[in-house]
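What follows is a set of notes on a single structure, which appears directly below.
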Amino acid sequence: KKGKYDHFMQKEIHEQPDSLTTTMRGRLTRGRESKMKTVVLGGLKDHLRTIRRSRRIIFIGCGTSYNAALAARPIIEELSGVPVTMELASDLVDRQGPIYREDTAVFVSQSGETADTLQALEYAKSNGALCVGITNTVGSAIARGTHCGVHINAGCEIGVASTKAYTSQIAVMTMVALALGDDSISCRVRREAIIDDLFDLPSKVKEVLKLDTEMKELAKLLMEEQSLLIFGRGYNYATALEGALKVKEVALMHSEGILAGEMKHGPLALVDETLPIIVIATCDATFSKQQSVIQQLQARKGRLIVMCTKGDALSSCSSGACRFIEVPPVQDCLQPIINIIPLQLLAYHLTVLRGYNVDQPRNLAKSVTTQ
Ligand code: UD1
Ligand code: BG6
């Protein structure tokens, strides 16, 4: 079943051009006329009006699924105009946080069986919210228990560390944003540019997967380290959290994803010549802020690895004293799908080099069905 691959995680990382194609199949159309660019999500089309009119959209999930929702949050806010809040399922349940009939609660779960997410679903339902599922598993408890939803159709994922489900979840939530915004004339150009890039995404993912050997070399450099920090912001705050989660859960190395805007409020104290730091600084509206973060980290002699847009290495880090991971550009809201892939590859190679179990990391389970 693993074919030419050594591990399921490796297979699933390399499968992403295909899994993304399947996720989008039948849902996006593009005719000759630009007005024919459309998104149709069969499971949501009768509920879009209710979602657009809701007072708030609440994303609820655990682990990687929560990170995927965080990556999609900005584009949902931009195209729907509805405020979006984020909840880790266990925290919402612990707090019994307020949820109202006017809310739309979106439950993101690869397995559709995670106990905390299910409990949050029962809670939101009993409070009268519209409950929407984003799941990979047809017939799962969350798919059945929600009022409506979208299957991500990424195919079965076996590696405990989620990879292809993450990128398909972001693609689906971006399509949800496009569907929510399709009654707005002012965002038409933006919507069409995103649809065009969704069509190109599988080929861009193929391109970024070519970094495999480079990521293996980087893993050789980092394999003895105790810790790895990853700084991101904007669309790629989620990439920093998810990249660190991958390194932590499979390579068993301490890693922390940090919102770059918080750098001066604590993390800067950790910076010295030895601690490796990945800074995500691909081209988007936050680029100049990330340039200044890089300068400040360099001023403290930080050991930097900068993820930047292909061809942009010099402008992102002018002193040249850092290593680069160069990735192809796509629309800002899709960039997290591209940017996570080198970090998935890095986590994979670190795990193999450190001699740990890739597909079944110590103490972890694919689906956490107990609390
Ligand atoms: C559906 C079919 C697909 C078919 C397509 C043709 C299923 C599972 N999907 O896909 O095989 O090719 O029509 O038009 O039969 N739902 C939830 N919660 C969730 C996820 C989904 O309630 O978490 C509901 C949706 O609201 C919808 C149904 O499940 O009623 C199927 O969802 P989805 O597979 O995403 O719909 P389509 O893409 O239209
Ligand atoms: C577990 C898995 O912790 O559950 C993670 O090991 C996953 O990979 C998390 O992200 C949430 O699972 P699900 O199925 O609800 O997306």
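The values are calculated or read from the model by the stated rules, or taken from the named source; none is laboratory data. None of these values were measured; they are calculated from a predicted model. Methodologically, a virtual Cβ is constructed for each residue, glycine included, from the backbone with ideal geometry; neighbour enumeration extends over all protein chains shown. Just the protein is used for accessible areas: all its heavy atoms, side chains included, with ligands, DNA and RNA removed. Shrake-Rupley method; radii C 1.70, N 1.55, O 1.52, S 1.80 Å.
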**OP:** Could you give me the residue pairs with C-beta distances under 7 Å whose first residue belongs to the range 59-87 and is within 16 Å of ligand 1 (Cβ to nearest atom) and among the aromatic types (Phe, Trp, Tyr), whose second residue is open to solvent by 10 Å² or more (accessible area, probe 1.4 Å) and assigned to a helix (DSSP H, G or I) wherever it lies, and which are 6+ apart or on separate chains?
**Re:** 59/73
**OP:** Output the helices (runs of 4 or more DSSP H) that fall wholly within the range 232-324 and possess 3 or more residues being in contact with a helix residue (DSSP H, G or I) (Cβ under 9 Å, 6 or more places away or on another chain), or say none.
**Re:** 237-251, 287-299
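Of everything in the range 146-191, what is within 12 Å of ligand 2 (Cβ to nearest atom) and either part of a helix (DSSP H, G or I) or in contact with a strand residue (DSSP E or B) (Cβ under 9 Å, 6 or more places away or on another chain) (or both)? Give them in sequence order. Quick ask: steps written out before the conclusion?
So in the range 146-191, the residues within 12 Å of ligand 2 (Cβ to nearest atom) come out as 152, 154, 157-166, 168-169.
152, 164, 165, 166, 168, 169, listed by residue number.
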Subject >> Subset of the range 169-191 [modelled with pLDDT of 95 or more and either among the aliphatic types (A, V, I, L, M) or within 12 Å of ligand 1 (Cβ to nearest atom) (or both)] >> reply: 169, 170, 171, 172, 173, 175, 176, 177, 178, 179, 180
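Out of 241, 270, 211, report the one residue that is touching a residue at least 40 places away in the same chain (Cβ under 8 Å), within 15 Å of the chain's Cα centre (by Cα), closer than 26 Å to residue 291 by Cβ and open to solvent by 10 Å² or more (accessible area, probe 1.4 Å). First the steps, then the outcome.
Details: 270 fails: within 15 Å of the chain's Cα centre (by Cα); 211 fails: within 15 Å of the chain's Cα centre (by Cα).
Every option except 241 fails the conditions.
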Original post:
Taking into account only those residues within the range 88-145 that are hydroxyl-bearing (Ser, Thr, Tyr) and not in a loop (DSSP other than H, G, I, E, B), which is farthest from ligand 2 (Cβ to nearest atom)?
Top reply: 126
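Among the residues of the range 18-40, count how many are in contact (Cβ under 8 Å) with a residue 40 or more places away in the chain and open to solvent by 10 Å² or more (accessible area, probe 1.4 Å). Give the steps one after another, and end with the answer.
Our first condition is that a residue be in contact (Cβ under 8 Å) with a residue 40 or more places away in the chain; within the range 18-40, this holds for 18-25, 27-28, 30, 34, 37-40.
Next cut, open to solvent by 10 Å² or more (accessible area, probe 1.4 Å) only: 18, 21-22, 24-25, 27-28, 30, 34, 37-40.
Qualifying residue count, the range 18-40: 13.
Report, by residue number, each residue of the range 257-267 that is in contact with a strand residue (DSSP E or B) (Cβ under 6 Å, 6 or more places away or on another chain) and buried (at least 18 other Cβ atoms within 10 Å of the Cβ). Walk me through how you get there before you give the answer.
As a first pass, look at the range 257-267 and keep what is in contact with a strand residue (DSSP E or B) (Cβ under 6 Å, 6 or more places away or on another chain): 257-258, 260, 267.
Once the filter is applied, which keeps residues that are in contact with a strand residue (DSSP E or B) (Cβ under 6 Å, 6 or more places away or on another chain) and buried (at least 18 other Cβ atoms within 10 Å of the Cβ), the range 257-267 yields 257, 258, 260.
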Subject >> Residue that is farthest from ligand 1 (Cβ to nearest atom), among those in the range 348-371 that are crowded, with 24+ Cβ neighbours inside 10 Å and within 11 Å of residue 159 (Cβ to Cβ) >> reply: 351
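Given the options 171, 193, name the one that is open to solvent by less than 10 Å² (accessible area, probe 1.4 Å) and of a type outside the set (S, T, N, Q). Lay out the reasoning, then the answer.
Numbers: 193 fails: open to solvent by less than 10 Å² (accessible area, probe 1.4 Å).
Step by step, each of 171, 193 is checked, and only 171 is open to solvent by less than 10 Å² (accessible area, probe 1.4 Å) and of a type outside the set (S, T, N, Q).
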Original post:
Given (1) surrounded by 20 or more Cβ atoms within 10 Å (Cβ to Cβ); (2) assigned to a loop (DSSP other than H, G, I, E, B), where does residue 333 come up short, assuming only one miss?
Top reply: (2)
Subject >> Of the criteria (1) outside any helix (DSSP H, G or I); (2) open to solvent by 10 Å² or more (accessible area, probe 1.4 Å), which one residue 59 fails >> reply: (2)
**OP:** Among the residues of the range 75-85, write down those that are within 21 Å of residue 280 (Cβ to Cβ) and open to solvent by 40 Å² or more (accessible area, probe 1.4 Å).
**Re:** 77, 78
**OP:** Among what's in the range 93-132 and is open to solvent by 10 Å² or more (accessible area, probe 1.4 Å), farther than 24 Å from residue 45 by Cβ and small (Gly, Ala, Ser), pick the residue that is nearest to ligand 1 (Cβ to nearest atom).
**Re:** 111
**OP:** Determine the pairs where a residue that is at positive phi, located within the range 94-118, has a partner that is open to solvent by less than 10 Å² (accessible area, probe 1.4 Å) and within 13 Å of ligand 1 (Cβ to nearest atom) with Cβ atoms under 8 Å apart, the partner being 6 or more residues away or on another chain.
**Re:** 112/133; 112/135; 112/140; 112/142
